[in-house]
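The structure under discussion appears below in the form of structure tokens.
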Amino acid sequence: MSTFFLQQLINGLTLGSVYGLIAIGYTMVYGIIGMINFAHGEVYMISAYLCAIGLALLSFFGLQSFPLLILGTLVFTIVVTGVYGWTIERIAYKPLRNSTRLAPLISAIGMSLILQNYAQLSQGPRQQGVPTMLDGVIRLHLGDGFVQITYTKVFILVASFAGMLVLTWIINRTRLGRMCRAVQQDRKMASILGINTDRIISLVFVIGAAMAGLAGVLITMNYGTFDFYVGFVIGIKAFTAAVLGGIGSLPGAMLGGLILGVAEAQFSGMVNSDYKDVFSFGLLVMILIFRPQGLLGRPVVAKV
């Protein structure tokens, strides 16, 4: 196995783990209300700006320790991004919950455009960035070549899988998780049994936005740059990951993200990086044609 392939594998796993975090937001909302939140990519974009704002504020007040700096930034970004998720649900989804299925979709697209323009007007149209916070690299020599992974990528992998494990524990082991699964299976029966379905749906939007907030901090740390339009492409790729893994399945979202990230990295390295987006979206089309339920998803059986 060549060192080039291993290097691209590491890069792909790093990117794919973040795709998976964003895909969780899509899959959770779809699992609860059967709709795709197309404003979710812009929630990630907002989190990138919040990451820069949080770092600037904490640095201004003299906080220089990396563990405290990144912890404070993560808490700030996740909390504020969660508020954005709650607001989007209240404005774009709740008033249309009993309307046609097309109305919330159009509303979400409108919210996406609003968030893009809001970021452009408030933060400016130019590309922005943050400095590298975690220096250092791990280098492994294999034969005549070597494979390296930066400390930043190690942190991204650890934080991504930790976030996924915590969320899995919440969904499978806590009272909140049981209520979420009940609403997903039968919203009307869950309401009859005393579950506040409106509150659960709002919490699902908050959790999905929080995962996008975590992803925003991690990607901003890795690439260092962002702009008001960055959420569109990332959002579509995360949606591709959710469909690939099986939309509605949390493990499927993470698996789909990892597969997409590795496939994109290998395509960029071995073919041409200029067409990696074409490859990703082409993969989405192929999935929808040959296996629309995804790798871990269940096929939908129409009721007669």
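The values are calculated or read from the model by the stated rules, or taken from the named source; none is laboratory data. Please read these numbers as outputs of a predicted model, since none were measured by experiment. Reconstructed Cβ throughout: ideal geometry from the backbone, glycine too, with neighbour counts over all protein chains shown. Keep in mind that these areas ignore ligands, DNA and RNA; they rest on the heavy atoms of the full protein, side chains included. Shrake-Rupley method; radii C 1.70, N 1.55, O 1.52, S 1.80 Å.
Odds and ends about this structure:
- Gyration tensor verdict on region 1-63 (Cα atoms; rounded if a/c is under 1.5, prolate if a/b is larger than b/c, oblate otherwise): oblate
- Note on the chain: helix-only mean residue ellipticity at 222 nm, from DSSP H runs of 4+ residues weighted -39500 (n - 2.57) and normalised by residue number, equals -24500 deg cm²/dmol.
- Cα gyration tensor of region 89-151 - equivalent ellipsoid semi-axes, whole Å, descending: 45, 20, 10
- R0 of 30 Å, Cβ-Cβ distance ARG175-LEU69: FRET efficiency to nearest 0.05: 0.30
- Contour minus Cα-Cα distance for SER122 and PHE61 (0.36 nm per residue): 19.7 nm
- Angle between the chain longest axis and helix 230-245 axis [Cα atoms, degrees, rounded to 10]: 70
- Convex hull volume per residue for region 14-100, taking Cα atoms only, in Å³: 100
- Relative to the longest principal axis of the Cα atoms of the chain, the long axis of helix 102-123 lies at roughly 40 degrees.
- Taking trypsin sites (Lys or Arg not before Pro) across region 199-304, the ones in a DSSP loop with at most 12 further Cβ atoms lying within 10 angstrom of their Cβ are LYS303.
- With kT/(6 pi eta Rh) evaluated at 10 °C and eta = 1.306 mPa s, and Rh the Kirkwood radius from Cα pairs, region 97-226 diffuses with a coefficient of 85 µm²/s according to Stokes-Einstein.
- Relative contact order computed over the chain (Cα-Cα under 8 Å; 6+ residues apart), in percent: 37
- The alpha carbon radius of gyration of region 228-304, expressed as a multiple of 2.2 N^0.38 Å, is 1.17.
- For the chain, with +1 on Lys and Arg beta carbons and -1 on Asp and Glu, the positive-most of SER249, MET179, PRO125 along the dipole: MET179
- Helix 40-60 and the longest principal axis of the Cα set of the chain meet at an angle near 50°.
- The slack between PHE5 and ARG139, meaning 0.36 nm per residue of separation minus the straight C-alpha distance, is 46.7 nm.
- The chain: most fluctuating residue of ILE234, ILE106, ILE207 per GNM, C-alpha cutoff 10 Å: ILE106
- Of PRO251, PRO292, PRO67, the one that fluctuates the most in a GNM where the chain has Cα springs shorter than 10 Å: PRO67
- Region 211-219 - phi-based ³J(HN,Hα) in whole Hz, Karplus 6.51/-1.76/1.60, Gly and Pro as x: 5, 5, x, 4, 4, x, 5, 5, 5
- Within the accessible area of the chain (1.4 Å probe), percent carbon and sulfur: 66
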